[in-house]
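What follows is a short report on a single structure.
Each reported figure results from applying straightforward, stated rules to the coordinates on display, with no laboratory input. From a predicted model like this one, the values you see are computed outputs, not experimental measurements. Cβ sites come from the backbone with ideal geometry, for glycine too, and all protein chains shown count toward neighbours.
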Amino acid sequence: MTADLRTRYLGLELRSPIVASASPLTGDPAAVAKLEEAGVGAIVLPSLFEEEIVGEEFELNRSLDNGAGVFAEALDYFPDPATFSGAGDRYIARLEQIERQASVPVIASLNATSTGGWVEYAKRMQGAGADALELNVYRVAADASKSAAELEAADLELVAAVRAAVTIPLAVKLSPYYTAFAGHAGRVVDSGANGLVLFNRFYQPDLDLDSLEVANKIELSAAWELRLPLRWIAILRPQLGAGVSIAATSGISSGADALKALMVGADVAMMTSALLRHGPGHVRAVESEMRAWMDQHEYESVAQLRGSASRAAVANPSAFERANYMQTLHSWNGSR
Ligand SMILES: Cc1cc2nc3c(=O)[nH]c(=O)nc-3n(C[C@H](O)[C@H](O)[C@H](O)COP(=O)(O)O)c2cc1C
C-alpha cells in the first residue's frame, strides 16, 4: 500500500500537502524546478511588500516633479511612467515566468498593513496567472494610543479590500499576537479569506554591542516552534467551516512534523527553514517519511488523516487549552 498524499487547499487540488512557503528559494526559477521535481504540492512566491510599491511610486513622482519646468532636455533623463520598471513590475514578470514553468499551483504573496492604491497589485498578480493569493498581515502593534479593536478593524478592512480586488482564492497569513485569536481568525474569514496561514513568524531585532546599532538578523526556525500552530489549528479546525483552508507554517522540517500538522487539522504543511537548510530535494525525504508512517499505521490518505487529532477529535480536548498548563508544569522531572 502506498498512501495517497493528495490534498485540497484553497480549492486547488494538490498532489502533496508539502508546500514551499514564501522565501528567496521560491522566487528562483531553478530552485522552483527542483522543488517540483522533488514532489512539492505548491509554491508560495516571496512577498511583494507594500513599502516596495509605495516607495517606488514616491520615487517616480519625485523624479518627475524635480525636473518639472527646469531644463527641457532634462525630461529625457526621467523615467517614462509607462516604461518605469520597479519592484512591482519585476515581481509580476517573475510571477509570469514561474507560472509558465511550473506545473504545480503558484501562490503569489502580498505583505502589507494598510489599504491603499497598492492593493491594485493583487489584481495584477491575478492577471499574471497566480492560482491564489496569500496576504501577509505583518503588524507590530507599537502605537500606545491605538487599541486592539482599532488595529483588528484595520486588518479586516485590508482583507476585505484585497478580497474585493480579486476573484482567485485568498489566504491570509496571520501572526499569533491578537488579544483573542480565535475570534479574530473567524472575522478574517468573514471578511473574505478562503484560508488561514498560521503563523507568521516575527523576527525580533537584536543589539550589536560593537556598533551599538539594532541588528536585524534572520534566524531559521527550530522544531519547538511548531507547537504554537499545532495548538491553534487544533482549536480552530472544528470552529471554522469545512470549506476554510488552513496551512501550518513554522517549525515543520520532517515528515513527522507535517503529519502532526495535518492530524490537528491543517490541509497543507508549509516549509521554508528546512528547505533552506537541506535544499529543495528535502521534500522527497519528507514525503517518503510520511508515506512510510501512514503505511505502517494503515492510513490510506491525507483525507483520512486530516483533523483526526483536532480539538473536536481527541479524547481530552482541554489538553489544547488551559488544563494542559498545570499538567505541563507538573511534567518537569528534573532530568531534561
Ligand atoms: C529567508 C526568509 C525569507 C522569507 N520571506 C518571506 C516573505 O517574503 N513573505 C512571507 O510571507 N514569509 C516569508 N518568510 C517566512 C516563511 O514563509 C515561513 O512562514 C517561516 O520561515 C516559518 O516557516 P519555517 O519554520 O518552515 O521556516 C521568509 C522566511 C525566511 C527564512
- Note on the structure: Residue span ALA180 to ARG277: 0.36 nm per residue of separation minus Cα-Cα distance leaves a gain in nm of 31.5 nm
- Message: Net charge around LEU12, counting only other residues with Cβ within less than 13 Å of its Cβ (Lys, Arg = +1; Asp, Glu = -1)?
- Response: -1
- Once exposed loop GluC sites (Glu not before Pro) are cut out (DSSP; at most 10 other Cβ, 10 Å), longest piece of the chain: 1-218
- Size of electric dipole in the stretch 240-336: Cβ of Lys, Arg +1 and of Asp, Glu -1, about Cα centre, debye, nearest 20: 320 debye
- Item | the stretch 210-336, Rg to Rh (Cα coordinates; Rh as Kirkwood inverse mean 1/r) | 1.04
- Could you give the size of the charge dipole of the chain about its Cα centre, using +1 on the Cβ of each K and R and -1 on the Cβ of each D and E, expressed in debye and rounded to the nearest 20? 1540 debye
- Item | Listed residues LEU212, LEU275, LEU198, most fluctuating in the chain (Gaussian network, C-alpha, under 10 Å) | LEU212
- So for R0 = 30 Å, FRET eff. of ARG187-SER145 from the Cβ-Cβ r, to 0.05, ends up at 0.85
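On a full-extension model of 0.36 nm per residue, what is the gain between LEU209 and ALA319, subtracting their alpha-carbon distance, rounded to one decimal in nm?
Going from the current span to full extension adds 35.4 nm.
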- Magnitude of the Cβ-charge dipole of the stretch 161-277, K/R +1 and D/E -1, about the Cα centre, nearest 20 debye? 520 debye
- Given a Förster radius of 25 Å and the C-beta distance between GLU13 and LYS123 as r, what FRET efficiency does 1/(1 + (r/R0)^6) yield to the nearest 0.05? 0.50
- May I ask which residue of THR7, VAL188, ALA142 lies farthest towards the positive end of the charge dipole of the chain, with charges of +1 (Lys, Arg) and -1 (Asp, Glu) on Cβ and the Cα centre as origin? THR7
- Item | Additional length obtainable on full extension of the chain from ASP28 to ASN333, 0.36 nm per residue less Cα span | 105.1 nm
- Message: Could you check the spin-label model distance between GLU298 and THR115? Points 7 Å from the Cα along Cα→Cβ, value in nm.
- Response: 5.4 nm
- Message: Treating the chain as a set of equal point scatterers at the Cα positions, no solvent, please give the Debye-formula log₁₀ I(q)/I(0) at q = 0.06 Å⁻¹.
- Response: -0.24
- Message: Cut-off 10 angstrom, C-alpha nodes, Gaussian network model of the chain. Which of LEU209, LEU45, LEU12 fluctuates the most?
- Response: LEU209
- Query: Among ASP210, ASP89, ASP257, which comes first, second and so on when ranked by fewest other beta-carbon atoms within 10 Å?
  - Reply: ASP210, ASP89, ASP257
- Within the chain, how many Lys pairs sit with Cα atoms under 26 Å apart, leaving out pairs fewer than 8 places apart on the same chain? 6
